[in-house]
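Beneath this line is the structure, given in structure tokens, with notes to follow.
Read-outs: derived from the displayed coordinates by stated rules, not from any lab. These numbers were taken from a predicted model, which means no experiment stands behind them. All Cβ positions, even for glycine, are placed from backbone atoms using ideal geometry, and neighbour counts span all protein chains on display.
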Amino acid sequence: MEDFLEIAGEKLSNRLFIGTGKFSSYPIMKQALEEAKAQVATVALRRVDESSKTENIMDYIPQKCKVMINTSGARDAQEALRIGRLAKAAGAGNWIKIEVIRDNKYLLPDSIETFKAVEVLAKEGFVVFPYMSPDLSIGRRMVDAGASAIMPLGSPIGSNRGVKTRELIEIMVNEIKLPIIVDAGLGKPSEACECMELGCAAVLVNTAIAVSEDPVKMAKAFSQAVYAGRLAYLSGIPAMGKTARASSPLTGFLREDKPQGDGLASDSQSHNKPQ
Amino acid sequence: MSFYGVYSQNKDLDLKKAFSFISPASIQESLEKNNLDTKQFLGLLSPQAENNLESMAQKAQAITRNYFGNTIQLYAPMYLSNYCDNSCLYCGFNLNNDIQRRQLTLEEVEKEAQFISSSGLKHILILTGESRLKSPVSYIQDCVNVLKKYFTSISIEVYPLAENEYARLVVGGVDGLTIYQEVYDEQLYAKIHICGPKKDYKFRLDAPERGAKARMRSVSIGALLGLGNWRREAFFLGLHAKYLLDKFPDVEIGISVPRIRPQNHQPQVGDFKPICQVSDRNVIQIILAFRIFLPRLGIAISTRENPEFRENLLSLGITRMSAGSATNVGGHTLYKEEKEQSSQFEIQDQRTVGQIKAVLEGKGYQPVFKDWLYL
Ligand code: SF4
């Protein structure tokens with residue numbers, strides 16, 4: 001059976017979303033998107049210049065790739081709303097990543113302002129992807145407000161520190177019924193793979209691809225890592241135990257001594273079940 | 001407490017003594033950390049750290065790549081007026097200088113705007129001499145109304161305003177403020193700024209804060225190198241940038257360290273010899289120290305520097321640069337021939353936007369022509 005991530009009626013087979021902000025040129029960005037066979041690319045509206053005949057970033061997004069406008073640069077909900085509406089009016093579609101940052105020191109998102117923008121834009125018919133700190137309560141509120149997926153950060157934007165928020169992301173994966181897409185901080189393909197193994201629905205990567213020495217090759221590496229992680233997740237990764245567990249129990253012969261109804265988890269239950 | 005309080009607390013800093021505590025090990029330690037305190041920043045500005053320039057450069061480059069990617073934001077300056085009520089010894093617009101004084105009419109503003117925007121640039125920085133009388137806030141606003149048709153981001157570099165005046169311009173379409181203290185050393189400041197409203201050190205010092213309070217999206221500050229002791233000046237500029245970042249985390253704070261060039265050029269009106277020599281190496285050390293101390297700080301490089309030096313600095317921490325610059329009023333289209341006699345300072349990098357774009361692309365950078373939109 002084919003494995004799709006379905007969002008707002010779109011079926012995505014590639015779970016690597018790519019950010020377009022930091023590439024050395026549009027042609028290289030385009031090649032990277034193509035090499036990774038990306039189906040979703042985020043584009044900051046502040047960088048879109050429709051009046052420019054040669055430099056418009058939109059011309060370099062491959063046909064098959066869906067554009068998710070992002071509100072980067074917005075400092076509050078009002079600015080995010082204005083950016084969303086401008087994007088829609090400009091024909092950039094209705095998929096929107098809400099990024100509201102009021103902290104230029106660490107570039108951490110303001111989840112409350114983000115939430116306010118999600119509430120309004122979802123009502124206006126946008127397909128909304130809030131970028132936020134991995135906070136379960138606020139994530140649940142985002143769901144109620146009409147988000148289509150939740151994008152928690154792995155670590156601060158551009159930090160390449162990997163999945164520092166792993167524990168919290170795991171909780172979100174377990175508790176929130178929407179797709180969880182890890183955005184920001186992933187520095188290596190193995191970290192993207194790790195997110196997918198955790199059960200995240202997708203990851204979004206920009207810096208690690210764009211500033212690598214060979215962005216095109218790195219895009220491919222990420223794409224394959226994401227696929228590998230997804231496959232591993234679907235295959236059911238055995239839970240990690242503190243002590244080693246032999247593949248067939250060493251004390252299996254003691255069947256008669258096993259107490260009845262002990263409530264011990266069977267092997268299959270301790271697997272990380274695919275959604 | 002405004003930044004003047006921070007300045008006052010630190011103004012008696014004994015640099016010699018402070019630097020005597022800096023050891024190779026302490027610099028190494030700073031280079032291994034992610035969050036530096038102000039003492040460590042001072043360490044990176046020390047003579048001792050000159051031995052570590054290469055490792056500072058490596059670190060600064062990695063930080064810049066991660067946070068800003070392979071992109072450089074471009075903007076163009078546009079001089080609206082050169083009337084000035086002040087007498088700053090280092091400036092061509094000094095009221096005692098005999099230059100052709102002009103102020104652009106709105107039609108002329110439009111002509112310059114058309115020319116600059118035809119290069120594709122969407123960010124403009126408008127400048128005036130500091131004459132509240134000749135170029136009042138209402139005039140600046142009128143110009144902004146014209147410029148809004150052509151640019152998506154408009155910054156101002158004018159005399160310091162009151163908070164409500166900044167707020168009025170923000171509502172009117174201005175999103176960025178640039179204001180340089182020029183020199184942080186208060187006593188030296190008094191000596192160099194001979195007369196006029198600019199003598200008010202404190203009013204200028206707190207202008208960036210007023211702009212931030214008025215909801216400017218970006219605020220850039222700077223020190224003019226060549227006036228006071230550069231290590232001290234850079235340190236206070238760093239304290240100022242940190243103060244603003246801490247107090248206004250949602251404002252993009254940027255710095256610039258323009259340098260009065262040594263006398264290897266054609267003499268200009270009001271030619272001024274630097275009081276303190278600042279070498280290329282020194283400028284590099286300053287930029288590296290800033291990048292490591294405040295990783296997400298915007299850093300602009302001035303057209304006072306020559307093309308080669310500007311290019312070499314690119315990979316070390318620079319995030320924006322001007323292109324196709326002219327520092328005289330109407331210098332882009334109307335009074336090009338007057339560049340020599342009536343500029344505010346001499347430009348070393350005369351290249352057009354197209355040329356700078358080509359150079360950036362050749363060096364593996366994406367020149368960003370538009371990085372904000374008018375909301
Ligand atoms: S630096 Fe500014 S205030 Fe001073 S003379 Fe020049 S234009 Fe006037």
If amide H atoms are modeled at 1.01 Å from N in the peptide plane, then the residues at a separation of 5 or more from B:Ser153, or on another chain, having amide H under 5 Å from its own are B:Ile124
How tilted is helix A:26-35 with respect to the longest principal axis of chain A? Cα atoms for both, answer in degrees (0 to 90, nearest 10). 30 degrees
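Once you wrap a convex hull around the alpha carbon atoms of the range A:2-42, what is its projected area averaged over all directions, in nm²? Working shown, then result.
Values: hull surface 12.6 nm².
Computing the convex hull of the Cα atoms and averaging its projections yields 3.1 nm².
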Using modelled amide H (1.01 Å from N, peptide plane; none on Pro or chain starts), what sits under 5 Å from the amide H of B:Ser220, excluding residues fewer than 5 places away? B:Leu177, B:Thr178, B:Ile179, B:Gly254
Extent of chain A along each principal axis, from alpha carbon coordinates, in Å, largest to smallest? 79, 39, 38
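Assuming R0 = 25 Å, can you tell me the calculated FRET efficiency for the pair B:Ala358 and B:Asn145, based on Cβ-Cβ distance, to the nearest 0.05?
Numbers: r = 33 Å, r/R0 = 1.34.
My answer for the efficiency is 0.15.
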Please check: in the Gaussian network model of chain B (C-alpha springs, under 10 Å), which one of B:Leu313, B:Leu74, B:Leu225 has the largest mean-square fluctuation. B:Leu313
Work out from phi, with θ = phi - 60° and the Karplus expression 6.51 cos²θ - 1.76 cosθ + 1.60, the ³J(HN,Hα) of each residue of the range B:136-149, listed in order in whole Hz, and give x for Gly and Pro. x, 4, 5, 5, 4, 4, 4, 5, 4, 4, 6, 5, 4, 5
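Within 10 Å, count the other beta carbons around each residue, average over each peptide in B:123-134, B:16-27, and list them highest first. Walk me through the intermediate numbers first.
Values: B:123-134: 20.9, B:16-27: 13.2.
Highest-to-lowest ranking by the protection proxy: B:123-134, B:16-27.
Just the projected area, averaged over all directions, of the convex hull on the alpha carbon atoms of the range A:44-83: how many nm²? List each step's numbers first, then the result.
Details: hull surface 12.8 nm².
Reported value for the Cα convex hull: 3.2 nm².
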I want to verify a result. In a Gaussian network model of chain B, Cα cutoff 10 Å, which of these has the top mean-square fluctuation: B:Phe235, B:Phe151, B:Phe309? B:Phe309
For the range B:298-312, 3J(HN,Hα) per residue [Karplus equation, 6.51 cos²θ - 1.76 cosθ + 1.60, θ = phi - 60°, Hz, x = Gly/Pro]: x, 10, 9, 10, 6, 6, 5, 8, 7, x, 4, 5, 4, 5, 5
How long are the three semi-axes of the equivalent ellipsoid of the range B:313-375, in whole Å, if each is the root of 5 times an eigenvalue of the C-alpha gyration tensor, listed from largest down? 25, 15, 11
So how far, in whole Å, is the C-alpha centre of the range B:179-196 from the one of the range B:121-168? 23 Å
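So which chymotrypsin sites (Phe, Trp or Tyr not before Pro) in the range A:96-153 are both in a DSSP loop and have at most 16 other Cβ atoms within 10 Å of their Cβ?
A:Tyr106
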Helix A:111-123 sits off the longest principal axis of the Cα atoms of chain A, rounded to the nearest 10 on a 0 to 90 degree scale, by 70 degrees
Which of the cysteines found in chain A have nothing to pair with, since no other Cys Cβ lies under 4.7 Å from theirs? A:Cys65, A:Cys193
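For peptide B:245-252, compute the average count of partner chain beta-carbon atoms within 10 Å of each residue's beta-carbon. Walk me through the numbers on the way to the answer.
Numbers: counts 3, 1, 0, 2, 9, 10, 3, 3.
The mean count of partner-chain Cβ atoms within 10 Å per residue comes to 4.
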Considering every residue in B:360-373, what mean count of other chain Cβ atoms within 10 Å of its Cβ is obtained? 5
For B:Asn164 and B:Gln100, what is the calculated FRET efficiency with R₀ set at 45 Å and r taken between the beta-carbons, to the nearest 0.05? 0.85
Averaging the inverse of every distinct alpha carbon separation and then flipping it gives the Kirkwood radius. What is it for the protein assembly as shown, in angstrom units? 26.5 Å
Inter-part distance where the range B:42-59 and the range A:119-188 are each reduced to a Cα centre, Å: 39 Å
Cα centroid separation - the range B:15-36 against the range B:78-120, whole Å: 44 Å
Quick one: angle between helix B:353-362 and the longest Cα principal axis of chain B, in degrees between 0 and 90, rounded to 10, please. 30 degrees
Treating the beta-carbon of each Lys and Arg as +1 and of each Asp and Glu as -1, no other charges, what is the dipole magnitude of the protein assembly as shown about its Cα centre, to the nearest 20 debye? 60 debye
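For the pairs A:Lys66/B:Lys149; B:Lys17/B:Lys39; B:Lys122/B:Lys336; A:Lys37/A:Lys220, flag any whose C-alpha to C-alpha distance is greater than 19 Å. Don't jump to the answer; show the numbers that get you there.
Numbers: A:Lys66/B:Lys149 30 Å; B:Lys17/B:Lys39 12 Å; B:Lys122/B:Lys336 22 Å; A:Lys37/A:Lys220 8 Å.
Beyond 19 Å: A:Lys66/B:Lys149; B:Lys122/B:Lys336.
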Grab every C-alpha pair in the range B:113-233, bin the distances at 5 angstrom width from 0 up to the longest one, and report whole percents. 2, 11, 20, 21, 18, 13, 9, 5, 1
Name the residues whose placed amide hydrogens come within less than 5 Å of the amide hydrogen of A:Leu12, ignoring near sequence neighbours (fewer than 5 apart) on the same chain. A:Leu5, A:Glu6, A:Ile7
Free-by-geometry Cys in chain B, Cβ-Cβ under 4.7 Å as pairing rule, reported as B:Cys84, B:Cys143, B:Cys195, B:Cys276
Just counting partner chain Cβ atoms within 10 Å, what average do the residues of peptide B:62-73 show around their Cβ? 5
Pick from A:Thr42, A:Thr20, A:Thr165: which is most flexible by mean-square fluctuation in a GNM of chain A where alpha carbon atoms under 10 Å apart are linked? A:Thr165
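In a shell of Cβ-Cβ distance under 12 Å around B:Arg320, excluding B:Arg320 itself, what net charge do Lys and Arg (+1) and Asp and Glu (-1) give? Mind dumping the intermediate values first?
Details: positive: B:Arg310; negative: B:Glu252, B:Asp371.
After counting each charged neighbour, the total is -1.
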